[in-house]
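Following: one structure in structure tokens, then a few remarks.
The values are calculated or read from the model by the stated rules, or taken from the named source; none is laboratory data. Since this is a predicted model, take the numbers as computed values, not measurements. Here the Cβ positions follow ideal geometry from the backbone for every residue, glycine too, while neighbour counts run over all protein chains shown. Surface areas here come from the heavy atoms of the whole protein model, side chains and all, with no ligands, DNA or RNA. Shrake-Rupley method; radii C 1.70, N 1.55, O 1.52, S 1.80 Å.
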Amino acid sequence: MSLLFNGIGVSRGFAIGKVHLLQRDQLDISQQQLEQQHVNAEIERFLAAVDLALQQLRSVRDNIPHNTPIEISEFIDTHLLMLDDPMLKEAPTRIIIEQQCNAEWALKLQRDAVVEVFERMDDPYLRTRKDDIDHVVQRIQRILLKKEPLEEPENISFLHGSIVIADDLTPADMIVMQHQGIVGFITESGGPLSHTAILARSLGIPAIVGVHQARHYIKDGEEVILNGYSGLILATPDDKAITHFRSQQQAQEQQRLQLNGLKDADTITLDGTPVILHANIESAHDIDALHAVKAHGVGLYRTEFLYLNRNDIPSEEEHYQNYLNMVTALQGAPLTIRTVDLGADKEIQSDNKRPLAHNPALGLRGIRRCLNEPALFMPQLRAILRASAKGPVKILLPMISNLSEIHQSLELLEVSKQSLQYSGLPFDPQIEVGAMIEVPAAAISAHYFAQAVDFLSIGTNDLIQYTLAMDRIDDEVNYLYDPLHPAVLTLINHVIEAGKSAKIPVSMCGEMAGDPRYVRLLLSLGLRTFSMPPNSVLEVKQVINNSHLDNLKESAQAILHCSEPLQQATLLQQLNLGIEPQSVYSQAAR
Ligand code: PEP
Ligand code: MG
């Protein structure tokens, strides 16, 4: 009998294969009291395990094939840095001495302390760094407990063509599995922002996360079909399902070829309305991906990654060199630099003095944090200004919730301009400044904000989280994430209208902008600039180039005014298929 399971599709594509259940035994860590004379030997045992973990990871990194996406080696480098960090080396050693306990226990205590700090961070990207800690700690624990690491080749050579189901996967696991020709991943934990999701997307391997207890219900060796678009898994499919799957797979391959052919095409609707497609990037490496799909520029450069894995704040010169590299690589295409959107981040030394926020998502994050700590903000502003002398650069301010934050930011920008002028350093005096609209208050006040800035950019990831009061990376409430919620659509519509009245551009840089399902709806609401991960650009372009704006208006209004989720889903489907909505519209509008 076939069984259907549901998770979150995080890397698109279809896969069929036999399941390999990764039952990594739970590590059983217990406390043991040592006699004083054994403490030194225990420290040596611990440090030897850390050394061996370093060797294992270096060997994985040295064997990464050339064509592996850069993110993968970046994750491994992060893990290598962590293994060398006092947080994982010296702190457990101290605990062994102070508590006279075994190394495993000391490492567990230190892991718990570090993870607690990570869990209280409000920035989802930084919070997912807790996974890195766990991956590194588990590697050391396995060595201490004399368990084999996953990547021992003899363990996994049979994985070719299979779909791996695990609780969670480390970047190292994924590299090794990709080598072995895994065709899909399913994990029990994680959300769209988890490492498995990010890496699977960049490897182009279909993946589904958040399938709770998958290993309980799906057997090792069982055949499954995985649909990375919808998040559905069909276990033990019958012949009919397999035939259907094969045809979907063929269609997918054709679609891929068609998309490649769109690279050089203009982005323009059938009635001749041009649309701008920008890319969201996180580091200079992503610019290659942007060029590969010929995106028009960078709509969102998340600068938080400059601050990670270090104890100090990047200097103005570091910021500048980094932005300069990007401006050069972009060859005249615009670079929108979002000023740093950090939360209660303990990785920055100056934060050590701060008490942990009770509710970091509502705390001193984004622009609040920058205004509160000019030493963090000013070097970045000066560096952005300096880079603006070398090419088209814009500034984007995150988490704006009131007008005064815009005014204060503009004042600091003015101060930076004056100081550069005084030093004789060039910059673009007309540099454009935009506000991210990601707090409901900002969306409602967009008319006022639009008078003070040059452009608005809708950050739907946070806007949805704050509007619907759901933590976007909390597995338990992920189901509430709904870009079509009437409240969300009303706010988006309001922001676009505010931009129109003030005659300033409005873009969208949250995940919603890169999801082909919402493109026609957003077009019809008047959105003309979309910013998204580079690998979504061609698919979105395809939808735009097949849309006629006149045909969208009625359906879009119906969706906007529909409060019944099922009816709304039908309307959206009709909009995307180009079916007239009349009958349903009249009901929805009533
Ligand atoms: C957003 O909130 O939609 C956004 C683009 O910012 P981030 O995902 O970095 O919070
Ligand atoms: Mg955001």
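Details
- Hits in region 17-45 (condition: open to solvent by less than 30 Å² (accessible area, probe 1.4 Å) and within 29 Å of the chain's Cα centre (by Cα)): 17, 19, 21, 22
- Any hit, region 533-543, residues being under 18 Å from residue 398 (Cβ atoms), polar (S, T, N, Q) and not assigned by TED's automatic domain parsing to the domain that holds residue 199: no
- Residue 550 vs. criteria among the acidic types (Asp, Glu), within 16 Å of ligand 1 (Cβ to nearest atom) and at pLDDT below 95: no
- Residue 334 being out of contact with any helix residue (DSSP H, G or I) (no Cβ under 8 Å at 6 or more places or on another chain) and at pLDDT 85 or above: yes
- Contact map, region 461-472: first residue more than 14 Å from residue 399 (Cβ to Cβ), second residue away from ligand 2 (no atom under 13 Å from the Cβ) and acidic (Asp, Glu), Cβ cut-off under 8 Å, separation 6 or more or different chains; pairs are 464/482; 468/482.
- Strands (runs of 3 or more DSSP E) lying entirely in region 190-300 (those with 2 or more residues that are touching a residue at least 40 places away in the same chain (Cβ under 8 Å) and closer than 21 Å to residue 543 by Cβ): 276-281
- Residue count for region 39-60, restricted to those that are more than 16 Å from residue 85 (Cα to Cα) and without any contact (Cβ under 8 Å) to a residue 40 or more places away in the chain: 4
- Boolean, residue 409 is hydroxyl-bearing (Ser, Thr, Tyr), away from ligand 1 (no atom under 16 Å from the Cβ) and in contact with a helix residue (DSSP H, G or I) (Cβ under 7 Å, 6 or more places away or on another chain): yes
- Just one residue in the set 448, 479 is assigned by TED's automatic domain parsing to the domain that holds residue 385, at negative phi, hydroxyl-bearing (Ser, Thr, Tyr) and free of Cβ contacts under 8 Å to residues at least 12 places away in the same chain; that residue is 479.
Every residue, every condition in (1) in contact with a helix residue (DSSP H, G or I) (Cβ under 7 Å, 6 or more places away or on another chain); (2) under 22 Å from residue 187 (Cβ atoms); (3) not assigned by TED's automatic domain parsing to the domain that holds residue 239, yes or no:
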| residue | (1), (2), (3) |
| --- | --- |
| 8 | yes, yes, no |
| 11 | yes, yes, no |
| 14 | yes, yes, no |
| 23 | yes, yes, yes |
| 31 | yes, no, yes |
| 42 | yes, no, yes |
| 45 | yes, no, yes |
| 48 | no, no, yes |
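- Screening residue 513 with (1) under 18 Å from the mean Cα position of the chain (by Cα); (2) within 16 Å of ligand 1 (Cβ to nearest atom); (3) open to solvent by 40 Å² or more (accessible area, probe 1.4 Å) gives one miss only, at (3).
- A residue that is modelled with pLDDT of 90 or more and closer than 29 Å to residue 465 by Cα occurs nowhere in region 168-183.
- Condition met for residue 470 (within 15 Å of ligand 1 (Cβ to nearest atom) and surrounded by fewer than 20 Cβ atoms within 10 Å (Cβ to Cβ)): yes
- Per-region count, region 516-545, residues small (Gly, Ala, Ser) and buried (at least 23 other Cβ atoms within 10 Å of the Cβ): 2
- When each of 488, 495 is tested for being within 23 Å of residue 396 (Cβ to Cβ), in contact with a strand residue (DSSP E or B) (Cβ under 9 Å, 6 or more places away or on another chain) and either without any contact (Cβ under 8 Å) to a residue 60 or more places away in the chain or surrounded by fewer than 20 Cβ atoms within 10 Å (Cβ to Cβ) (or both), the lone residue that passes is 495.
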